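A.B. asks: The structure that follows is given in the form of structure tokens.
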Amino acid sequence: METSVTLAGFISQLLVGLSRAMILFIVASGLSFILGVLRVPNVAHGSLYMIGAFAAHTIAVAFEGSPAGFWLAMVCAPLVVAAISLVAERLLFCHLYEREHLMLLLFTFALMLILGDLTKMTWGADYRSIVAPPLLQGSVSVLGTAFPRYNLFLLLVGPLVAVGLWLLSTRTKFGKIARAAAVDREMVGAIGINVSWVFAFAFVLGCLLAGLGGALVSPTISITLGMDHSIIIEAFLIVTIGGLGNIWGAMVGALIFGLTQSVGIMVLPQFAIVFPYLAVVVILTLKPTGLLKSVW
Amino acid sequence: MKRGHVWKASLLLMAGWWVVSALLLPVPAAARNIKIGIVDTYSGPAAVFGNDALNGFKMAVDEINKQGVLGGKIEFVTRDDKFKVDIGLSMAKELVLKEDVDLIVGTVNSGLALAISDAVAKKEKIPYIAWMSKSENVTGKAGHRYVFSTTENTAMAGKTAATVLSKKPIKRIWVAGDDYEYGHALDESFSRYMKQMKPDVEFIGKTWWKVGEPDLVPYFTSIQAANPDLIHFCTGGASMANVLKTIKTTGINQKIPIYIHTAIDYAVLKPLGTEAPEGVMGTMDYLFYYPELSSNQKFVKDFQALYKAPPGFPAFHAYTTAYLIAEAFRQAGKIDREKFIDAIEGLKVDTPVGKVEMRACDHQAVYPMLFGTTKISKEYGAAVATDIMTLRGAEVMPSCEEIQAARK
Amino acid sequence: MLKDILRTSAFPWTAAVLLVLALVPFAAGRFYVYILAVIFVTGLLAMSLNLLAGHGGTYQFHHGVFYGVGAYTAGLIITKTALPAWVALCAGPIAAAAAGLVIGTFCVRLNKLYFGMLQISLGSLIWILALRWYSLTNGDDGIHGIPMPELLSGSVNAYYFILIVVSACLAVMYLILKSPFGTTLRAVRDNPQRCQAVGINVRRHQLLAIVIATFFAGVAGVLFVVLEGSVFPDMLFWVMSLEIFIMCLLGGWFTFFGPMLGAAIMVALRTFVGSYTDYWTLILGVVLILLIFFLPDGIMGINFRTWLRSRARRRAMNTVR
């Protein structure tokens, strides 16, 4: 079997892995944020990602696939997802904050089941396809090999989101309160801040990120039911190896995940998908609490 | 005492169940309807095929029920397997054990087809007709008395493609596809026939991704770097849409020739609309616009009137299956599984593309095969096949001797 | 030990229930016999998880992995080697317990949520290997038509075999929970720091509990192979593990039989509701939410709490006198 691994091919493959890592990061950062502040792994995170993709499709189609429709979809789909998560949170979730964590986890699992079927009811069982605007279509030439322009776009958006999140959590009042609530919620409540609303904002923000990830990924894949199951396990692993609640940890984890898979495809395509999981096991053996410091 | 209460409750529950289930034991019926159980995919990306098949089947059953079969009608129940083998298998078992169906049809997923064939059809001695799962192993090495196929299979596709492609200047082939039964069957069949017809051809690499893998771009960039003369994509069902989409977004079809079985099928190309990739070579046994036979045109017209869209190959296969079943029962004279099998072997029925035979030696329907290349058609708002070549069924089927040898 | 079982007030009722179950194949159609067998197997799996989750208080989030390991070991040995089936059936639980020991050793170093997340990570590696190693495990297609010895094939024979094995396993589990080890396990669940202070090696107890629980999960896996003759990679998927958790919660995870009841309800829902509607997971999600809000101790848990209250009341009245 012939595998011609040229430098150009290798660089191109790395870049593709990086751009995939950006989507993983955006989704995982939302999960990590919720985990950090509420101390609950949000199992429904994948479902919100899926709804983000479906919503983006509906909005884009409403504008007949025009470029304006695409950008509108990128902005509005995450907002739709945020709205759904707000409803779920205020109606049901917030009543459970006093209960033990296992109940919260099981609630998010129930939410995943319900959202999955609601998605099927709303959008039907067929798959959807959305197209990137002409600006982002086609490919650029990187060292002689073709690199899709849309992936280049993702390489720009990812770090922007990361910086945005970092600014939010360190420079804004909300961010500081959220970090404080993650460490000691009783104290935050004692100084007069409504902890329940802090949790609500954190949950909605995390879910908005999941929806954003779903919207951004939609032109590169076919939007189907079952997207929720595949992304959630990857997001969980990334958050675990990065350090629970740590945003930069989510970035590191996503990079490791994306790069190991993409290099794996080049080296051993059959088992490429095993490489990230192996990396996870190695990291967790050496540093069980994750590479970067956990928030609590 | 609490424990005592629980035990009393469980005892009553068990006794109640006993009584209820005794009452629910099946009652033998007199002249009755023929009950068919359909297990197919109605959610996820492969749902387009499941729904198309169901539409074709319904249309045929309504036509058949006007006359009726053996004094009764054909009725059917459907179950969604979600393209998963474990779900589909338990649905099939439920259909046989609880719903008491007379035969099972269906499934897009070739892995599921083999599982049903083995664990349900052979074990329960109930006929199972695979109308969409194309792995040649269904009627080939895993075939037996109780399994039938009314779909073209990977052997027929592979031989057709090899017949056409061996005449082109192709030396280095890369294989990429879904890591399950269907993907591997496509690869085995095509590679076998290609090697036979053009011995100097080389298979320089194989890439397998998991079924339904969402992000295929890294796989494609890796293949492009190897620069083969032809890429054989072994995909279908859940991943077909993704593969075609990724071909378009990476533009790989403009640099390297591509062959995919079923790439020219309408059910596959329609959802992509004008975004489908052009210049992709494919094989198929049914196209609604070719050949322009009056029987085909009538079928398409009736289908379009009912469902507002032209039929794809799933509808065609399901339609043919319904007529085969009806005719076989009529010839059998009663609703008996063994008599049904004896009657259907060697049976010929009229279909939109002419007479189709259910070959007796392997229970495989004999279809003519078409080879074409995709091109966007403004008339249909989607891609269709052009430069179509036809090969007769007898030319592309494995011989009965080959089948017997494989089944050993 | 046998005398202990015979002397409990529950024994006559247990014997009666077993008798009824033994007579079911004579009264019920094949489908119901099959469904009951599925319930027993799934119930055993849920009971094994409950040893750790309900009675042990550990966040065993990926218990399904051991179920799958047991099933795949048995299936692979039967189909790929010439060893007799009985070897395969015994090797399954041993392999599951070994996997439990290895994964458990990594996990017990951590607490609570970290334990759970790490287990999901390690378990997922096994899942992905089973899914992608096509030449060994047939990947996504699974392995089918696994032949069983004459004694066990056929739905009635399989039913009796499963009934006997599951009853035996439950009896052993009951004894374990009643034993000093069981008491210690519950103490560790309620207050690990105090136990550590008293000199109990918390880690070793948890690890031992994990090995026992994963052994029983492996037994359940092997019984699945006996019943269905197939294995699927989805047995190792995390959704399966969460479903087992729900069964424990549904039935009542501080009670002994709760998980079995939970398994019965889940299987019945899936089979009977699933044939009427495509949206049975929606119904399951709603049921789960109702449970979390109104019935957090599960169905059998209702009685448990009222029983505790009535016992406390009786005691109070006795002391007054």
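The values are calculated or read from the model by the stated rules, or taken from the named source; none is laboratory data. Note that the coordinates shown come from a computational prediction; the quantities given were computed from them, not determined experimentally. Neighbour counts are summed over all protein chains in view; Cβ atoms, including those assigned to glycine, are modelled from backbone coordinates with ideal geometry. All accessible areas refer to the heavy atoms of the entire protein, side chains included, with ligands and DNA or RNA removed. Shrake-Rupley method; radii C 1.70, N 1.55, O 1.52, S 1.80 Å.
A.B. asks: So is C:Ala91 more than 30 Å from A:Ala272 (Cβ to Cβ), part of a helix (DSSP H, G or I) and open to solvent by 10 Å² or more (accessible area, probe 1.4 Å) or not?
C.D. replies: Spelling it out, C:Ala91 is indeed more than 30 Å from A:Ala272 (Cβ to Cβ), part of a helix (DSSP H, G or I) and open to solvent by 10 Å² or more (accessible area, probe 1.4 Å).
A.B. asks: Being among the aromatic types (Phe, Trp, Tyr), touching a residue at least 24 places away in the same chain (Cβ under 8 Å) and either open to solvent by 30 Å² or more (accessible area, probe 1.4 Å) or within 14 Å of chain B (Cβ to nearest Cβ) (or both) is the requirement here; does C:Phe106 meet it?
C.D. replies: Judged against the criteria, C:Phe106 is not a match.
Residues are listed down the side, and each one gets a yes or a no for (1) among the basic types (Lys, Arg); (2) more than 25 Å from A:Leu237 (Cβ to Cβ); (3) surrounded by fewer than 22 Cβ atoms within 10 Å (Cβ to Cβ):
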{"residue": "A:Arg20", "(1), (2), (3)": "yes, no, no"}
{"residue": "A:Arg39", "(1), (2), (3)": "yes, no, yes"}
{"residue": "A:Ala53", "(1), (2), (3)": "no, no, no"}
{"residue": "A:Glu64", "(1), (2), (3)": "no, yes, yes"}
{"residue": "A:Ser85", "(1), (2), (3)": "no, no, no"}
{"residue": "A:Ala88", "(1), (2), (3)": "no, no, yes"}
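A.B. asks: Mind checking which residues of the range A:132-145 are open to solvent by less than 60 Å² (accessible area, probe 1.4 Å) and touching a residue at least 24 places away in the same chain (Cβ under 8 Å)?
C.D. replies: A:Ala132, A:Pro133, A:Leu136, A:Val142, A:Thr145
A.B. asks: Mind checking which helices (runs of 4 or more DSSP H) fall wholly inside the range B:133-238 and carry at least 2 residues that are at the interface with another protein chain (Cβ under 9 Å from one of its Cβ atoms), of a type in the set (Val, Ile, Thr) and more than 25 Å from B:Pro314 (Cβ to Cβ)?
C.D. replies: Those helices (runs of 4 or more DSSP H) span B:217-226.
A.B. asks: Go through the range C:24-49 and report how many residues are farther than 20 Å from C:Gly92 by Cα, of a type outside the set (A, V, I, L, M, F, W, C) and assigned to a helix (DSSP H, G or I).
C.D. replies: Qualifying residue count for the region: 4.
A.B. asks: Mind listing whichever residues of the range B:107-120 are more than 17 Å from the chain's Cα centre (by Cα) and of a type in the set (Gly, Ala, Ser)?
C.D. replies: B:Ala119
A.B. asks: Those residues that are under 17 Å from the mean Cα position of the chain (by Cα) and within 14 Å of another protein chain (Cβ to nearest Cβ), I need them from the range A:70-108; list them, please.
C.D. replies: A:Thr108
A.B. asks: Could you tell me which residue of the range A:247-267 is nearest to C:Asn138 (Cα to Cα), considering only residues that are at the interface with another protein chain (Cβ under 10 Å from one of its Cβ atoms) and surrounded by fewer than 20 Cβ atoms within 10 Å (Cβ to Cβ)?
C.D. replies: The qualifying residue nearest to C:Asn138 (Cα to Cα) is A:Val267.
A.B. asks: Is it fair to say B:Thr78 is open to solvent by less than 10 Å² (accessible area, probe 1.4 Å) and either assigned to a helix (DSSP H, G or I) or touching a strand residue (DSSP E or B) at 6+ places or on another chain (Cβ under 7 Å) (or both)?
C.D. replies: In short, no.
A.B. asks: If you don't mind, another one. Checking C:Ala213 against (1) buried (at least 21 other Cβ atoms within 10 Å of the Cβ); (2) within 14 Å of another protein chain (Cβ to nearest Cβ), only one condition comes out false. Which one?
C.D. replies: Of everything listed in (1) buried (at least 21 other Cβ atoms within 10 Å of the Cβ); (2) within 14 Å of another protein chain (Cβ to nearest Cβ), C:Ala213 misses just condition (2).
A.B. asks: Now for a separate question. Can you go through B:Leu287, B:Leu244 and tell me which one is in contact with a Leu (Cβ under 8 Å, 6 or more places away or on another chain) and within 14 Å of another protein chain (Cβ to nearest Cβ)?
C.D. replies: None of the others qualify; the one that does is B:Leu244.
A.B. asks: If you don't mind, there's one more thing I want to ask. Taking the range A:103-129 on its own, how many of its residues are touching a residue at least 12 places away in the same chain (Cβ under 8 Å), closer than 16 Å to A:Ile84 by Cα and not polar (S, T, N, Q)?
C.D. replies: Matching residues across the range A:103-129 total 8.
A.B. asks: Would you mind finding the one in B:Lys270, B:Lys298, B:Lys245 that is surrounded by fewer than 16 Cβ atoms within 10 Å (Cβ to Cβ) and basic (Lys, Arg)?
C.D. replies: None of the other options fit; the residue is B:Lys298.
A.B. asks: Give me the pairs, please: first residue somewhere in the range B:122-151 and under 19 Å from B:Asp40 (Cα atoms), second residue anywhere and basic (Lys, Arg), beta-carbon distance under 7 Å, and either six or more positions apart or on two chains.
C.D. replies: So the pair list comes out as B:Ile126/B:Arg337; B:Pro127/B:Arg337; B:Tyr146/B:Lys122; B:Tyr146/B:Lys125; B:Thr151/B:Lys134.
A.B. asks: Looking at the range A:1-95, what helices (runs of 4 or more DSSP H) fall wholly within it and have at least 2 residues that are closer than 26 Å to A:Gln137 by Cα and free of Cβ contacts under 8 Å to residues at least 24 places away in the same chain?
C.D. replies: Fully inside the range A:1-95 and qualifying: A:45-62, A:67-91.
A.B. asks: Those residues that are touching a Lys or Arg at 6+ places or on another chain (Cβ under 8 Å), within 12 Å of chain B (Cβ to nearest Cβ) and crowded, with 20+ Cβ neighbours inside 10 Å, I need them from the range A:268-296; list them, please.
C.D. replies: A:Pro269, A:Ile273
A.B. asks: Do you know which residues across the range B:84-119 are among the polar types (S, T, N, Q) and more than 22 Å from B:Tyr323 (Cα to Cα)?
C.D. replies: If the condition is that a residue be among the polar types (S, T, N, Q) and more than 22 Å from B:Tyr323 (Cα to Cα), then B:Ser90, B:Asn109, B:Ser110 are the ones that fit.
A.B. asks: State which residue is farthest from C:Leu282 (Cα to Cα) when the search covers only the range A:113-149 and only residues that are hydroxyl-bearing (Ser, Thr, Tyr) and within 7 Å of another protein chain (Cβ to nearest Cβ).
C.D. replies: A:Thr145
A.B. asks: Let me ask another. Say we look at the range B:264-283 and pick out the residues that are within 12 Å of B:Thr374 (Cα to Cα) and among the hydrophobic types (A, V, I, L, M, F, W, C); which of these is nearest to the chain's Cα centre (by Cα)?
C.D. replies: B:Val268
A.B. asks: Cβ-Cβ below 8 Å, separation at least six or inter-chain, first residue in the range B:34-50 and within 20 Å of C:Trp280 (Cα to Cα) and at the interface with another protein chain (Cβ under 9 Å from one of its Cβ atoms), second of a type in the set (S, T, N, Q) and surrounded by fewer than 23 Cβ atoms within 10 Å (Cβ to Cβ): which pairs?
C.D. replies: B:Tyr42/B:Asn51; B:Tyr42/B:Thr78
A.B. asks: Kindly provide the set of residues from the range C:1-38 that are modelled with pLDDT of 70 or more and open to solvent by 50 Å² or more (accessible area, probe 1.4 Å), ordered by number.
C.D. replies: C:Phe11, C:Pro12, C:Trp13, C:Leu18, C:Leu19, C:Leu23, C:Phe26, C:Arg30
A.B. asks: Taking the condition of being β-branched (Val, Ile, Thr) and either open to solvent by 10 Å² or more (accessible area, probe 1.4 Å) or within 9 Å of chain C (Cβ to nearest Cβ) (or both), how many residues in the range B:90-115 meet it?
C.D. replies: Within the range B:90-115, residues that are β-branched (Val, Ile, Thr) and either open to solvent by 10 Å² or more (accessible area, probe 1.4 Å) or within 9 Å of chain C (Cβ to nearest Cβ) (or both) number 2.
A.B. asks: Here's a follow-up. Search the range C:161-191 for residues being free of Cβ contacts under 8 Å to residues at least 24 places away in the same chain and assigned to a helix (DSSP H, G or I), and hand back the single one that is nearest to B:Lys82 (Cα to Cα).
C.D. replies: C:Ile164
A.B. asks: For B:Lys84, indicate whether it is of a type in the set (Lys, Arg), under 26 Å from B:Asp342 (Cα atoms) and within 14 Å of chain C (Cβ to nearest Cβ).
C.D. replies: Criteria not met by B:Lys84.
A.B. asks: Just the residues that are assigned to a loop (DSSP other than H, G, I, E, B), more than 11 Å from chain B (Cβ to nearest Cβ) and surrounded by 15 or more Cβ atoms within 10 Å (Cβ to Cβ), please, taken from the range C:129-160.
C.D. replies: Answer for the range C:129-160, where residues must be assigned to a loop (DSSP other than H, G, I, E, B), more than 11 Å from chain B (Cβ to nearest Cβ) and surrounded by 15 or more Cβ atoms within 10 Å (Cβ to Cβ): just C:Met148.
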